[in-house]
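The values are calculated or read from the model by the stated rules, or taken from the named source; none is laboratory data. These numbers come from a predicted model, not from an experiment. With ideal geometry, Cβ positions are generated from the backbone for all residues, glycine too; neighbour counts draw on all protein chains shown.
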Amino acid sequence: MARITVEDCLDHVENRFELVLVGTKRARQIAVGGKDPMVTEENDKPTVIALREIEEGLVKPSILTEKEESEYEEMIDDISAIEASNQNGAIEATVMPIAMNPEVDSES
């Protein structure tokens, strides 16, 4: 396993800051996003794999502007769940506290 240097990776990104962002996003994709590495793993951690992919030119800075399909699907699922709970919960939130509160006098 060859050592990866920042200088090798800088040939494929504009600066060190962009390298950190690109490497971070790709490492997260590998670690928790279900994306497969494009290089052999060699018992490396996701961060090292991401840097090796950048160094080999397999991962481009355009990764920063891409939205993953799974991100969109998760957002849609979250919004749907919130809307469903709001529709059911809104009625309960306005009716139940008054009906269940013993301090509220129903004759007033």
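Structure data summary
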item	result
Only listed residue being outside any loop (DSSP other than H, G, I, E, B) and under 18 Å from the mean Cα position of the chain (by Cα), chosen from 30, 54	30
Tally, over the stretch 3-27, of residues that are part of a loop (DSSP other than H, G, I, E, B) and touching a Pro at 6+ places or on another chain (Cβ under 6 Å)	1
Test result for residue 42, modelled with pLDDT of 80 or more, surrounded by 10 or more Cβ atoms within 10 Å (Cβ to Cβ) and not in a helix (DSSP H, G or I)	yes
So residue 44, is it assigned by TED's automatic domain parsing to the domain that holds residue 13, among the acidic types (Asp, Glu) and more than 18 Å from residue 9 (Cα to Cα)	no
Selected residue (only one of 58, 19, 10, 64 is modelled with pLDDT of 90 or more, in contact with a Cys (Cβ under 9 Å, 6 or more places away or on another chain), surrounded by 10 or more Cβ atoms within 10 Å (Cβ to Cβ) and not basic (Lys, Arg))	19
Exclusive hit being hydrophobic (A, V, I, L, M, F, W, C) and at pLDDT 90 or above, set 84, 93, 50	50
